[in-house]
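Below: the structure, in structure tokens.
The values are calculated or read from the model by the stated rules, or taken from the named source; none is laboratory data. Worth saying up front: this structure is predicted, and the values here are computed from it rather than measured. We place every Cβ from the backbone using ideal geometry, glycine too, and count neighbours over all the protein chains shown. For the accessible areas, the whole protein counts, side chains as well, though only heavy atoms, and no ligand, DNA or RNA atoms are used. Shrake-Rupley method; radii C 1.70, N 1.55, O 1.52, S 1.80 Å.
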Amino acid sequence: MAKDIILRIEDSIKKNWDLDALTDYKGCTLQYKDVARRIEKLHIMFREVGIAPGDKISLCGRNSSNWGVAFLAIMTYGAVPVPILHEFKADNVHNIINHSDSKLAFIGESNWENLNEDEIPNVTGVIQMEDYDLLISRDERLTYAREHLNELFGKKFPNRFEKHMIGYYHNNQPDDLAIINYTSGSTGFSKGVMIPYRAVTNNMEFAEHALNLKAGMTIVSMLPMAHMYGMAFEFLYELTIGMHISFLTRIPSPKIIFQALNEIKPSVIVAVPLIIEKIIKKNVLPKLEKPGTKLLLKVPIVNETILAKVREKMISSFGGNFYEVIVGGAAFNQEVENLLHQLKFPYTVGYGATECAPIICYEDWKKFVPGSCGKAAYGMEVRIDSKDPANIAGEILVKGPNVMLGYYKNEEATAETIDADGWYHTGDLGVMDSEGNVFIKGRSKNMLLGPSGQNIYPEEIEDQLNSFPYVAESLVVDRHGKLVALIHPDYDTAFKEGKTVQDVAAQMELNRGELNKNLPAYCQITGVQIYSEEFEKTPKKSIKRYLYQ
């Protein structure tokens, strides 16, 4: 049987006692022994206030060492962490805390400013993420425990807290509830995904098989840990093998990411397409588009030399010490992916879902087929619900230890998503080649019907549109039987090049005309609607489509 996630955490803390564990970028560093000490102090608080295994505890704040420690303390105690994206609106945070039946909540200072304690009446206490001080206490036991925490810790460990004193972390069964992860998703409102220990453990097993990482190596945590992708592969797995994790603790702009990658030189990079695309569009593509470079790229020998230099510079820009860049969470822009493939850049695209904690498909970059999202991950089965899976898109169905228990307090949604045979219906459409590589064609809920019943996948049109001048992001929607492109322009680039708002609007119409030349008649875009602000997104940085239908 696979080693349980709790045992992995315990073993790693003991083995790597004196190694650096968690760092707030440009801030303090905790070694594994410091993490263990803080976990024990939080366990004391939990016990004093009467938290029982299975009780829910929410976390809402930016990535930080204290966020990581709080999460580990909750899980190793046997309580159920409920991570909440710090970017969620106050009403959403209130609703998740209440719906999950959370007894306690760890809240970041900036998030607490927007919350209302009267809206979360059933919470025993709210603990500030930055220093674990109490923001609210509705129980004298909690107040006493926090005020006398060092004293209580000293009584339990009168001499010195040593690694051999760890060994009382929670025992669990594979199907016990480990995490409730709420995701608004791009096609509906938040549901609480009930993730069992087996799913978390199997994701760790997958990473162990897929990645050759070791204790002492480094990683930069850029993705929100409130989302399973970042939590599993930028935090949990790395911690269980003794790596040193650095949290950006701020909005991951391309400038900050580049700075951190060059200073920390991570051993692997985990990212969503949006981050990679922004970096490449701003730092690589403009140089390749220069007339002189374009001309030289047409000369075979010179072409190879230029591409090799670009590849070398890109690898250096990402820190120069990584095995591969793992991209997941949303669709990759085809132009950017084609460039990465042409450069022989060490990247791979995975596929997952919160409901699988998160991994479904993956392939090492050396074997990765461009345009795909890899093959079924370790321990998982994937099939296409289609008469001809290689040629006709069908819904992607998934089965295996990663699949969730269901949605919290929502049996109807659970029954609609997991069938009687245990297959999780992803809602995504795809095809699979003879080698088992999966190619995603779009969300089944997003698919539009053409005038003669043709299937239109708006993501495929958007992917092309996003490569046109001054298009930052786009959505293709059906407006009374006609396709309209909603576009958020890249005003920063346009204004730097001396363009006006009117120039950008005119360019969008030119883009529409050029795009339509490459589209069949039933996919033609009939109009453009410009949005001055970015579209609202899910934790995976997918656009919340339902807001724009």
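Couple of notes before you dig in:
- Positions within the range 347-382 being assigned to a loop (DSSP other than H, G, I, E, B), over 21 Å from Glu460 (Cβ atoms) and over 15 Å from the mean Cα position of the chain (by Cα), in sequence order: Glu363, Asp364, Trp365, Lys366, Lys367, Ala377, Tyr378, Gly379, Met380
- So Lys499, is it touching a helix residue (DSSP H, G or I) at 6+ places or on another chain (Cβ under 8 Å) and either open to solvent by 40 Å² or more (accessible area, probe 1.4 Å) or charged (D, E, K, R) (or both): yes
- Only one of the numbered conditions (1) assigned to a helix (DSSP H, G or I); (2) among the hydrophobic types (A, V, I, L, M, F, W, C); (3) open to solvent by less than 10 Å² (accessible area, probe 1.4 Å) is not met by Phe233, and that is (3).
- Residue-level analysis places Asn321 among those that are polar (S, T, N, Q) and open to solvent by 70 Å² or more (accessible area, probe 1.4 Å).
- Criterion violated by Leu449 - all others in (1) open to solvent by less than 30 Å² (accessible area, probe 1.4 Å); (2) closer than 26 Å to Leu519 by Cα satisfied: (1)
- Identity of the residue in the range 63-96, among the β-branched types (Val, Ile, Thr) and modelled with pLDDT of 95 or more, that ends up farthest from Arg198 (Cα to Cα): Val69
- The range 89-145 - residue that is within 28 Å of the chain's Cα centre (by Cα) and of a type in the set (Phe, Trp, Tyr) and, of those, least open to solvent (accessible area, probe 1.4 Å): Phe106
- Residue list for the range 6-33, restricted to those being among the small types (Gly, Ala, Ser) and part of a loop (DSSP other than H, G, I, E, B): Gly27
- Put simply, of Glu119, Glu113 the only residue that is in contact with a helix residue (DSSP H, G or I) (Cβ under 9 Å, 6 or more places away or on another chain) and either of a type in the set (Phe, Trp, Tyr) or over 17 Å from Ala79 (Cβ atoms) (or both) is Glu119.
- Of all residues in the range 355-396, those satisfying the criterion of being open to solvent by 20 Å² or more (accessible area, probe 1.4 Å) and of a type in the set (Val, Ile, Thr) are Val369, Val382, Ile392.
- Meets criteria (among the β-branched types (Val, Ile, Thr), closer than 18 Å to Glu238 by Cα and at pLDDT 95 or above) for Val35: yes
- Hey, Lys482 of a type in the set (Lys, Arg), under 23 Å from Leu448 (Cβ atoms) and exposed (fewer than 14 other Cβ atoms within 10 Å of the Cβ) or not: yes
- Number of the condition not met by Thr293 [criteria: (1) at pLDDT 85 or above; (2) surrounded by fewer than 17 Cβ atoms within 10 Å (Cβ to Cβ)]: (1)
- When residues of the range 146-193 are limited to those that are surrounded by 14 or more Cβ atoms within 10 Å (Cβ to Cβ) and among the polar types (S, T, N, Q), the one modelled with the lowest pLDDT: Ser186
- Some residue of the range 262-272 being within 19 Å of Tyr32 (Cβ to Cβ), out of contact with any Cys (no Cβ under 9 Å at 6 or more places or on another chain) and small (Gly, Ala, Ser): yes
- In the range 34-62, the residues that are outside any loop (DSSP other than H, G, I, E, B), more than 24 Å from the chain's Cα centre (by Cα) and of a type outside the set (A, V, I, L, M, F, W, C): Asp34, Arg37, Arg38, Glu40, Lys41, His43, Arg47, Glu48
- Single unsatisfied condition, Asp490 versus (1) at pLDDT 90 or above; (2) among the acidic types (Asp, Glu); (3) open to solvent by 70 Å² or more (accessible area, probe 1.4 Å): (3)
- Contacts under 6 angstrom Cβ, first residue in the range 32-61 being aliphatic (A, V, I, L, M), partner surrounded by fewer than 21 Cβ atoms within 10 Å (Cβ to Cβ) and assigned to a helix (DSSP H, G or I), 6 or more apart: Ile44/Leu152; Val49/Arg141
- Test: residue in the range 417-433 that is closer than 18 Å to Met508 by Cα, among the aliphatic types (A, V, I, L, M) and in contact with a Ser or Thr (Cβ under 9 Å, 6 or more places away or on another chain): no
- Residue selection: Ile84 satisfies the criterion of being of a type in the set (A, V, I, L, M, F, W, C), within 23 Å of the chain's Cα centre (by Cα) and within 14 Å of Met129 (Cβ to Cβ).
- Single residue of the range 194-224 satisfying the filter (over 19 Å from the mean Cα position of the chain (by Cα) and farther than 24 Å from Pro401 by Cβ) that is surrounded by the most Cβ atoms within 10 Å (Cβ to Cβ): Met217
- Residues that are of a type outside the set (D, E, K, R) and under 27 Å from Ser100 (Cα atoms) within the range 1-35 comprise Ile5, Ile6, Leu7, Ile9, Val35, listed in sequence order.
- Here is the figure for the range 425-445: residues that are open to solvent by less than 30 Å² (accessible area, probe 1.4 Å) and out of contact with any helix residue (DSSP H, G or I) (no Cβ under 6 Å at 6 or more places or on another chain) total 9.
- Matching residues in the range 460-469 - criterion: being of a type in the set (Asp, Glu) and open to solvent by less than 40 Å² (accessible area, probe 1.4 Å): Glu462, Asp463
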